[in-house]
């Protein structure tokens, strides 16, 4: 039996503070790299009364509207887990974020807190865009921001909107370009030409 391919799930969150628990993940987006028709997006009702106004302002989401209309965290995370698990017949879901340390912290915490387990695994591990790019290029951390990667790969017209669904789709396109650059057999500027 053939092994199923890995499906890289580009993930973006918007949050109203720096850590989960005291603060809330207020939206979550995912997009499968190389499969732009496979996406997930939800807004999430805040779980606490605390928030950092500057963090909330980044997303442009209205906190009062989220409190009235967004699904509760358990419902939103259950819907996300169903979507992820629904991908299993076509591939093995792998978490991807940029930065994975922030987005992954919120996603893993929310899955554990509200569902008791993560559809990615209990390790919470995944791929970090910057770390992957550094390993691929041998570059420095200071030159591996997503904006640097986009410029290097000619993706400067690709917007970053702070809408979790749109930014997940952006990340999916950036990671696809990183993978394509990895697989390009032509010599690059930093490779020896044989």
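The values are calculated or read from the model by the stated rules, or taken from the named source; none is laboratory data. Everything numeric here is computed off the predicted structure, so don't read it as measured data. As a convention, Cβ positions derive from the backbone with ideal geometry for all residues, glycine included, and neighbour counts pool all protein chains shown.
Would you confirm, using the coordinates I've provided, whether residue 102 is crowded, with 21+ Cβ neighbours inside 10 Å and under 17 Å from the mean Cα position of the chain (by Cα)? It is false that residue 102 is crowded, with 21+ Cβ neighbours inside 10 Å and under 17 Å from the mean Cα position of the chain (by Cα).
For residue 144, the criteria (1) within 25 Å of residue 37 (Cβ to Cβ); (2) modelled with pLDDT under 95 hold in every case but one, which is (1). In the set (1) over 16 Å from the mean Cα position of the chain (by Cα); (2) under 29 Å from residue 24 (Cβ atoms), the condition left unmet by residue 137 is number (2). Given the structure, is residue 21 farther than 23 Å from residue 144 by Cα, in contact with a helix residue (DSSP H, G or I) (Cβ under 6 Å, 6 or more places away or on another chain) and at pLDDT 95 or above? For residue 21, the condition - farther than 23 Å from residue 144 by Cα, in contact with a helix residue (DSSP H, G or I) (Cβ under 6 Å, 6 or more places away or on another chain) and at pLDDT 95 or above - is not met. Of all residues in the stretch 89-101, those that are without any contact (Cβ under 8 Å) to a residue 60 or more places away in the chain have Cβ atoms under 6 Å from Cβ atoms of residues that are surrounded by 17 or more Cβ atoms within 10 Å (Cβ to Cβ) and part of a loop (DSSP other than H, G, I, E, B), 6 or more apart or on another chain, in 100/126.
Residue-by-condition table, conditions (1) surrounded by fewer than 12 Cβ atoms within 10 Å (Cβ to Cβ); (2) at pLDDT below 95; (3) touching a helix residue (DSSP H, G or I) at 6+ places or on another chain (Cβ under 9 Å); (4) closer than 17 Å to residue 12 by Cβ:
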residue: 40; (1), (2), (3), (4): no, no, yes, yes
residue: 72; (1), (2), (3), (4): no, no, yes, no
residue: 84; (1), (2), (3), (4): no, no, no, yes
residue: 109; (1), (2), (3), (4): no, no, no, yes
residue: 125; (1), (2), (3), (4): no, yes, yes, no
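Scanning the stretch 46-56 for residues being more than 23 Å from residue 98 (Cα to Cα), surrounded by fewer than 18 Cβ atoms within 10 Å (Cβ to Cβ) and in contact with a strand residue (DSSP E or B) (Cβ under 9 Å, 6 or more places away or on another chain) gives a total of 2. Every condition in (1) modelled with pLDDT under 95; (2) on the phi > 0 side of the Ramachandran plot holds for residue 162 except the one numbered (1).
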